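> One structure, pasted below without further comment.
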Amino acid sequence: MLIALARDGPSVRLAELDAGGRPIAEHTVSPDRLPAWVAERERGQPDGLRWVWADTARVYPVLLDAGVRVRRCHDLRLVRAILTDNLHAELAPAAPDGGDPAAPDPFAVAAPTEPGEPDLLDALEELEGTVAGRDEPDLSAVVAEFGRQWRAVETSSRAARLRLLVAAESVGALIAAELRHDGLPWDVGTHDATLTRLLGPRPRFGGRPVVLETLADRIRAALDAPTLNPDSPTELLPALRRAGLEAGSTRQHELEQLDHPVIPALLEYKKLSRLLAANGWAWMDSWVVDGRLRPEYLPGGVVTGRWATRGGGALQLPKQIRGAVRADPGWRLVVADAAQLEPRVLAAMAGDRAMAAAAQGADLYAALVGQGVVAERSQAKVAMLGALYGATSGTSGQLMPRLTRAYPEAIGLVEQAARDGEAYRRVSTWLGRCSPEAPESWRELHRRLVEGEADVADAQRSRRQSRDWGRFTRNFVVQGTAAEWALCWMGALRTALRELGTEGPGPGLGRPHLVYFLHDEVLVHTPAGLAAQVEVAIADAAAQAGRMLFGSRPVEFALDVRTVESYDEAA
DNA sequence: GGGGACAGCGCC
DNA sequence: AAAAGGCGCTGTCCCC
């Protein structure tokens with residue numbers, strides 16, 4: 001059962017849709033009665049109900065505030081973004097210099113169909129001239145847009161994968177709203193104590209905390225620069241030069257190479273200054289309310305499908321202050337992160353048996369040593385990151401030939417993605433999120449190069465741009481598929497958590513619930529007595545996510561799971 | 001005084 | 001000369 005929902009002036013209009021998206025019954029409800037109406041339908045249709053609306057971020061918080069949660073939705077805004085890119089890519093004509101398709105199909109770029117294939121063209125044209133971008137589409141617009149999106153999915157050459165992607169992206173939107181609503185438990189007392197220990201007491205009238213001011217004085221004395229502002233690279237760099245230091249920048253890793261009495265104080269200053277600026281008292285006042293950090297999560301906010309946040313930098317919580325993330329009394333945090341997720345995803349995508357074998361254990365990097373691919377675990381890590389990011393030089397560049405010999409399918413897959421990007425062909429994640437077009441100016445220059453019309457300087461520039469874009473597309477297919485796995489993991493976990501615990505004051509808060517998500521890591525806040533069951537649910541959900549994406553391919557998605565009282569206890 | 005580029009650094 | 005992918009946020013600096 002599908003129910004479409006839209007605002008209509010002072011009321012809310014709803015339409016029950018049949019399986020093909022056609023309305024079969026309509027209702028009008030006043031906004032204050034909407035949560036009860038939704039809750040009743042959820043109770044009456046525990047299994048098959050999906051809400052269709054323009055934008056989860058606008059609709060769902062209202063329901064959450066009223067204590068109502070839904071199981072499934074279809075987010076027209078997010079799905080449209082995926083489908084528009086996907087259909088453009090499916091319609092793109094094969095590139096003239098296509099190269100040979102080394103990668104086996106499912107990954108292959110945009111599996112080109114015949115240009116002009118009518119059903120896809122229709123779906124795309126319909127999508128382009130429509131109203132989903134409008135602020136408040138009415139019910140007929142919502143129903144019509146859903147019909148178009150549904151048709152676009154069903155007529156795609158990869159309908160099964162797109163269906164899963166659409167569902168995963170939409171459940172992500174629900175989770176994002178719930179994370180913000182429930183909030184991450186944050187102990188301002190612990191946070192304040194950490195800041196005070198490292199920086200000194202909070203200055204009462206602004207200005208630098210005493211520890212920073214003392215360090216600044218030492219830096220000024222050591223450089224004989226009495227008015228120097230150490231926060232200013234344009235002042236600091238000349239001051240370093242005057243002191244006889246040959247620094248090209250004031251970056252940490254460059255300063256570390258230098259030998260001078262000022263360096264230790266400067267490094268310490270930069271570290272603490274960063275803490276104060278990014279996560280100091282002002283940050284705490286702005287973003288922590290009533291003991292909860294409530295960042296605004298943006299599903300699909302990154303081109304690869306990863307989430308972003310707006311405000312507070314909640315995906316960059318430094319390890320220094322994670323001790324402030326504390327479970328409520330009598331509760332625990334279950335912290336789980338997927339170990340070496342991206343290499344495992346790559347092994348599954350490529351169907352690379354040797355690499356999948358290395359991914360059978362908890363430590364994939366150690367397994368590379370065991371298989372004799374490299375001598376040490378640290379080399380395995382560097383080499384693997386190099387393969388995923390496109391390193392050509394340095395240690396990881398040197399190790400690439402070994403990886404290529406050991407795992408030809410896996411390395412072949414990322415190499416193919418890189419070559420596609422270099423030729424400005426679009427690539428796709430496992431489920432069908434397509435990479436964006438490169439900047440038009442880059443593609444134009446590349447066309448001139450291919451046609452022999454570029455001079456030497458332009459040719460050089462174009463080749464550099466191509467390599468840059470190839471590194472992006474190489475990483476895109478793996479990072480994006482890892483993001484899809486994480487969505488499926490979290491979606492499956494959310495479903496499982498609903499079955500645990502008893503109904504509390506609010507449907508989310510009396511029982512275990514998700515409180516944080518960081519690309520390949522989740523935090524669940526749970527009554528202490530249920531923590532063991534939560535750990536099992538997290539592991540089950542990971543296995544389920546692997547099956548959803550990759551069926552029976554024998555790749556294990558290992559987790560590190562710990563039950564703690566505060567986040568800094570999780571290694 | 002606001003806007004935007006840049007440097008720098010935190011996270012994955 | 002070569003340069004590893006994706007982000008958000010702060011302060012500085014400079015321009016309008």
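> Would you check if there is a residue in the stretch A:456-463 being in a loop (DSSP other than H, G, I, E, B) and surrounded by fewer than 19 Cβ atoms within 10 Å (Cβ to Cβ)?
Checked against the condition, which is being in a loop (DSSP other than H, G, I, E, B) and surrounded by fewer than 19 Cβ atoms within 10 Å (Cβ to Cβ), the stretch A:456-463 yields no hits at all.
> Can you tell me which residue is nearest to DNA strand B (Cβ to nearest atom) among those in the stretch A:310-330 that are surrounded by 18 or more Cβ atoms within 10 Å (Cβ to Cβ) and in a strand (DSSP E or B)?
Applying the filter and picking the extreme gives A:V325.
> Out of the residues in the stretch A:157-176 that are within 13 Å of A:W485 (Cα to Cα) and among the small types (G, A, S), state the one that is surrounded by the fewest Cβ atoms within 10 Å (Cβ to Cβ).
A:A167
> Right, here's the next one. Got a number for residues in the stretch A:347-400 being within 16 Å of DNA strand C (Cβ to nearest atom) and in a helix (DSSP H, G or I)?
So the answer is 22.
> Can you confirm whether the stretch A:401-421 contains a residue that is surrounded by fewer than 20 Cβ atoms within 10 Å (Cβ to Cβ), within 12 Å of DNA strand C (Cβ to nearest atom), in a helix (DSSP H, G or I) and modelled with pLDDT under 95?
Scanning the stretch A:401-421, I find no residue that is surrounded by fewer than 20 Cβ atoms within 10 Å (Cβ to Cβ), within 12 Å of DNA strand C (Cβ to nearest atom), in a helix (DSSP H, G or I) and modelled with pLDDT under 95, so the answer is no.
> List the pairs whose first member sits in the stretch A:128-149 and is surrounded by fewer than 18 Cβ atoms within 10 Å (Cβ to Cβ), whose second member is outside any helix (DSSP H, G or I) and at pLDDT below 60, and whose Cβ atoms are under 6 Å apart, counting only residues at least 6 apart or on separate chains?
The qualifying pairs do not exist here.
> How many residues does the stretch A:429-471 contain that are within 16 Å of DNA strand B (Cβ to nearest atom) and free of Cβ contacts under 8 Å to residues at least 24 places away in the same chain?
Total satisfying the criteria: 3.
Yes/no per residue for (1) modelled with pLDDT under 75; (2) under 26 Å from A:I3 (Cα atoms):
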residue	(1), (2)
A:P35	no, yes
A:A66	no, yes
A:V79	no, yes
A:T84	no, yes
A:A111	yes, no
A:E125	yes, yes
A:G133	yes, yes
A:E136	no, yes
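> Under 20 Å from A:L431 (Cβ atoms) and in contact with an Asp or Glu (Cβ under 6 Å, 6 or more places away or on another chain): does that describe A:A339?
no
> Would you check if there is a residue in the stretch A:508-528 being surrounded by fewer than 22 Cβ atoms within 10 Å (Cβ to Cβ) and among the polar types (S, T, N, Q)?
The answer is no, given that none of the residues of the stretch A:508-528 is surrounded by fewer than 22 Cβ atoms within 10 Å (Cβ to Cβ) and among the polar types (S, T, N, Q).
> Those residues that are without any contact (Cβ under 8 Å) to a residue 60 or more places away in the chain, aliphatic (A, V, I, L, M) and in contact with a strand residue (DSSP E or B) (Cβ under 9 Å, 6 or more places away or on another chain), I need them from the stretch A:37-83; list them, please.
Those that are without any contact (Cβ under 8 Å) to a residue 60 or more places away in the chain, aliphatic (A, V, I, L, M) and in contact with a strand residue (DSSP E or B) (Cβ under 9 Å, 6 or more places away or on another chain): A:V38, A:L49, A:V59.
> For A:G394, only one of the following conditions fails: (1) free of Cβ contacts under 8 Å to residues at least 40 places away in the same chain; (2) within 30 Å of A:L445 (Cβ to Cβ); (3) surrounded by 14 or more Cβ atoms within 10 Å (Cβ to Cβ). What is its number?
So the condition that A:G394 fails would be (3).
> What single numbered condition from (1) more than 20 Å from the chain's Cα centre (by Cα); (2) within 16 Å of DNA strand B (Cβ to nearest atom) fails to hold for A:L388?
(1)
> For residues that are hydroxyl-bearing (S, T, Y) and closer than 30 Å to A:Q533 by Cα, scanning just the stretch A:472-505, find the one that is farthest from DNA strand B (Cβ to nearest atom).
A:T502
> Taking the stretch A:291-312 as the region of interest, how many residues are among the charged types (D, E, K, R) and over 17 Å from A:E178 (Cα atoms)?
Selection size over the stretch A:291-312: 1.
Here's the yes/no breakdown for (1) within 11 Å of A:L333 (Cβ to Cβ); (2) touching a residue at least 12 places away in the same chain (Cβ under 8 Å):
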position: A:V522; (1), (2): yes, yes
position: A:T526; (1), (2): yes, yes
position: A:A532; (1), (2): no, yes
position: A:R547; (1), (2): no, no
position: A:G551; (1), (2): no, no
position: A:R562; (1), (2): yes, yes
position: A:Y567; (1), (2): yes, yes
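> Helices (runs of 4 or more DSSP H) wholly in the stretch A:205-302 with at least 3 residues that are away from DNA strand B (no atom under 16 Å from the Cβ) and surrounded by 14 or more Cβ atoms within 10 Å (Cβ to Cβ) - which ones?
A:210-223
> I need the full set of residues from the stretch A:30-62 which are β-branched (V, I, T), assigned to a helix (DSSP H, G or I) and buried (at least 17 other Cβ atoms within 10 Å of the Cβ), in order please.
If the condition is that a residue be β-branched (V, I, T), assigned to a helix (DSSP H, G or I) and buried (at least 17 other Cβ atoms within 10 Å of the Cβ), then A:V38, A:T56, A:V59 are the ones that fit.
> Going through the stretch A:544-557 one residue at a time, which ones are crowded, with 18+ Cβ neighbours inside 10 Å and in a loop (DSSP other than H, G, I, E, B)?
Answer for the stretch A:544-557, where residues must be crowded, with 18+ Cβ neighbours inside 10 Å and in a loop (DSSP other than H, G, I, E, B): A:V555, A:E556, A:F557.
> Tell me the residue from A:R511, A:R461, A:R498, A:R553 that is modelled with pLDDT under 95 and within 24 Å of A:C434 (Cβ to Cβ), please.
Within the list A:R511, A:R461, A:R498, A:R553, the selection yields A:R553.
> Looking only at the stretch A:364-377, decide whether some residue is of a type in the set (S, T, N, Q) and more than 20 Å from the chain's Cα centre (by Cα).
Yes, the conditions are met somewhere in the stretch A:364-377.
The values are calculated or read from the model by the stated rules, or taken from the named source; none is laboratory data. The shown structure was predicted, so the numbers you read here are calculated from the model rather than taken from an experiment. Reconstructed Cβ throughout: ideal geometry from the backbone, glycine too, with neighbour counts over all protein chains shown.
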